[in-house]
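The structure under discussion appears below in the form of structure tokens.
Only the coordinates and a few stated rules stand behind these numbers; no lab work does. Keep in mind that what you see is a predicted model, and the values were worked out from it rather than measured.
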Amino acid sequence: MAAAKTATLTFRIEPGLKDALRTAAEQEHRSIANMVEVMIRDYCGRNGVTIPEQGAQSADGHKPATGGK
């Protein structure tokens, strides 16, 4: 089975939020990146935000843009 492609996400947050994220990740025995993914998936699930399947196409028939400007 081929590994799923991932996208890089870089952002700045307050140091206190980063510390809280690190603590949450440690408590769950996860990496910080995986903890962010879990939190995003949880938020989306609770708020009705659909997460497209890997390789899915948008309504106009094109694959969603992946990064870049």
**Request:** Could you list all residues from the range 3-45 that are in a helix (DSSP H, G or I) and of a type in the set (S, T, N, Q)?
**Result:** 23, 27, 34
**Complete:** Per the filter on the range 3-21, residues farther than 14 Å from residue 33 by Cα and among the small types (Gly, Ala, Ser) are 3, 4, 16
**Asked** Applying the selection to the range 13-41, what residues are closer than 25 Å to residue 52 by Cα and not aliphatic (A, V, I, L, M)?
**Response** 30, 31, 34, 37, 41
